[in-house]
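Visitor: Dumping the structure here so I can ask a few things about it.
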Amino acid sequence: MKKLAVLFLGPLFLIGCSNEQTIEISGVSADEEKRVEIEDIIRNSEEVYSGTAIMVDKELLVAIQVKPWLGFKERKVEKRLQKEIEEKYPDLKVLVSSDYKMHWETQKLLDEEDDKKLTKEVKKLKDLAKEET
Amino acid sequence: MDPQQYQQIEQQNTPPTPYLKNALKAFLVGGIICAIGQAITYLYIIFFDFTDKTAGNATVATMVFIAMVLTGLGLYRKLGAFAGAGSAVPVTGFGNAVVSAAIEGRTEGWVLGVGSNMFKLAGSVILFGVGSAFFIALIKLILVSMGVVKW
C-alpha cells in the first residue's frame, strides 16, 4: 500500500517542485526585439509559472498562469503586467489575462501559421475575456 | 429514579460519537465533490467558450442537476448518511434539499404539496444568501463612495 502511494504521489510532488518558467512567444509579425523584451517582462514576475504571448498585427494577447499558492495575487499580477507592457508599447492593443481559457487556447495557437486565422482567433479570445455572464 | 441518575445511565450507555472519523469522512467526500466540480469547470473551459469567470455559473447548475437526479434515484441519501456535512455543505446539498422536500410533499398535491414544500429547507438559504449579498454590496458601495476601495 505504501509503495503504491509513493509510486503515485512521488511524481506529483516532484512536478510540484519544479521551478521552471515556460514562456513562449509566437506571432508571424513579431520582430525579435519585441519578442525578447516581452519575454523578459513576463520572466521578471516571479508569481508566473507559465506565460504565452501571441502577437498579430497590432494585437498582443498574453496569457499567464499564476502559481497555485499565489492565486490570490492573480488580478494584481495581471494588472501590473498589463500596465508594464502598455507603457512599453503604446501602439499595441494589449490584453494580459490569467484566465485558464486564454492559456489553453493560446497554447493551441502557438503552432498556427495562417495569419488571418490567428487575427480572428485573437479577436475572438479578447471578446471572450470581456464576457461577464 | 431521579433525573440525574437517569442522565448518568444514559451517558454511560450511549456510544461515543466518532468526531474525528466523521470529520474525516466529511472532508473526503466534500473534497471529492469539489474535485468533480473542478473537473466540470475545466470541461466547460476546454470544450466550450467559457472562461474562468463565466464557467462558475454553468458548473453550479450542472452540480445541482446531478444532485437532483441522484436524490430522485435515492442515492444521495446514502451519500448523506455516510458523509454528513461533506455532502450537505457543497452546492449539491442545496439541490438535494430542494428535491427531497418536493418529493416529500408530492402526496399533498402539486400546489399545496410540491409547490409550498419545495423551498421549505432551501428557502432560508435563498433568503439569507440574497440578504447578506445585499448588505455586503451596500457596505462596498459605501466604501467606494467614500474612496477607500475601488470597484
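The values are calculated or read from the model by the stated rules, or taken from the named source; none is laboratory data. Quick caveat, the model's predicted, so the values are computed rather than measured. Every residue, glycine among them, receives a Cβ derived from its backbone with ideal geometry; neighbour counts consider all protein chains shown. These area figures cover heavy atoms from the full protein model, side chains too; ligands, DNA and RNA do not enter into them. Shrake-Rupley method; radii C 1.70, N 1.55, O 1.52, S 1.80 Å.
Visitor: Filter the range A:95-107 down to the residues that are within 10 Å of chain B (Cβ to nearest Cβ) and assigned to a helix (DSSP H, G or I) and list them by number.
Guide: Let us first name the residues in the range A:95-107 that are within 10 Å of chain B (Cβ to nearest Cβ), namely A:97-105.
The answer is A:100, A:101, A:102, A:103, A:104, A:105.
Visitor: OK, next. Every residue in the range A:75-114 that is farther than 19 Å from residue A:65 by Cα and charged (D, E, K, R), please.
Guide: Filtering the range A:75-114 down to residues farther than 19 Å from residue A:65 by Cα leaves A:86-93, A:111-114.
Within the range A:75-114, A:86, A:87, A:88, A:91, A:93, A:111, A:112, A:113, A:114 qualify.
Visitor: If you don't mind, there's one more thing I want to ask. Within the range A:55-72, can one find any residue that is outside any strand (DSSP E or B), over 28 Å from residue B:56 (Cα atoms) and open to solvent by 20 Å² or more (accessible area, probe 1.4 Å)? It would help to see each step written out before you state the result.
Guide: Initial filter on the range A:55-72 (outside any strand (DSSP E or B)): A:57-58, A:67-72.
Filter again for over 28 Å from residue B:56 (Cα atoms), leaving A:57-58.
So of that shortlist, the ones also open to solvent by 20 Å² or more (accessible area, probe 1.4 Å) come out as A:57-58.
Yes, that holds for at least one residue.
Visitor: Mind counting the residues in the range A:63-83 that are among the polar types (S, T, N, Q) and more than 12 Å from every other protein chain (Cβ to nearest Cβ)? Give the derivation first.
Guide: Just the residues of the range A:63-83 that are among the polar types (S, T, N, Q), to begin with: A:65, A:82.
The next check asks that each one be more than 12 Å from every other protein chain (Cβ to nearest Cβ); those that pass are A:82.
Matching residues across the range A:63-83 total 1.
Visitor: On to the next question. So which residues in the range A:84-94 are surrounded by 20 or more Cβ atoms within 10 Å (Cβ to Cβ) and either within 14 Å of chain B (Cβ to nearest Cβ) or part of a helix (DSSP H, G or I) (or both)?
Guide: Residues of the range A:84-94 that are surrounded by 20 or more Cβ atoms within 10 Å (Cβ to Cβ), as a first pass: A:85, A:94.
Matches in the range A:84-94: A:85 only.
Visitor: From the list B:102, B:137, B:97, B:55, exactly one residue is open to solvent by less than 70 Å² (accessible area, probe 1.4 Å), without any contact (Cβ under 8 Å) to a residue 40 or more places away in the chain, touching a Ser or Thr at 6+ places or on another chain (Cβ under 6 Å) and of a type in the set (Gly, Ala, Ser). Which is it? Full working, then the answer.
Guide: Values: B:102 fails: touching a Ser or Thr at 6+ places or on another chain (Cβ under 6 Å); B:137 fails: touching a Ser or Thr at 6+ places or on another chain (Cβ under 6 Å); B:97 fails: touching a Ser or Thr at 6+ places or on another chain (Cβ under 6 Å).
From the options B:102, B:137, B:97, B:55, the qualifying one is B:55.
Here is a yes/no grid of residues against (1) at pLDDT 95 or above; (2) touching a strand residue (DSSP E or B) at 6+ places or on another chain (Cβ under 9 Å); (3) within 14 Å of chain A (Cβ to nearest Cβ); (4) assigned to a helix (DSSP H, G or I):
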| position | (1), (2), (3), (4) |
| --- | --- |
| B:53 | no, no, yes, yes |
| B:59 | yes, no, yes, yes |
| B:81 | no, no, no, yes |
| B:95 | no, no, no, yes |
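Visitor: From the residues in the range A:110-133 that are open to solvent by less than 40 Å² (accessible area, probe 1.4 Å) and in contact with a Lys or Arg (Cβ under 9 Å, 6 or more places away or on another chain), which one is farthest from the other protein chains (Cβ to nearest Cβ)?
Guide: The residue in question is A:126.
Visitor: Could you list, in sequence order, the residues of the range B:2-44 that are free of Cβ contacts under 8 Å to residues at least 12 places away in the same chain, among the charged types (D, E, K, R) and not in a loop (DSSP other than H, G, I, E, B)?
Guide: The answer is B:10, B:21.
Visitor: Okay, moving on. Being surrounded by 13 or more Cβ atoms within 10 Å (Cβ to Cβ), basic (Lys, Arg) and modelled with pLDDT of 70 or more: is that true of residue A:34 here?
Guide: Working: surrounded by 13 or more Cβ atoms within 10 Å (Cβ to Cβ): yes; basic (Lys, Arg): yes; modelled with pLDDT of 70 or more: yes.
The answer is yes for residue A:34.
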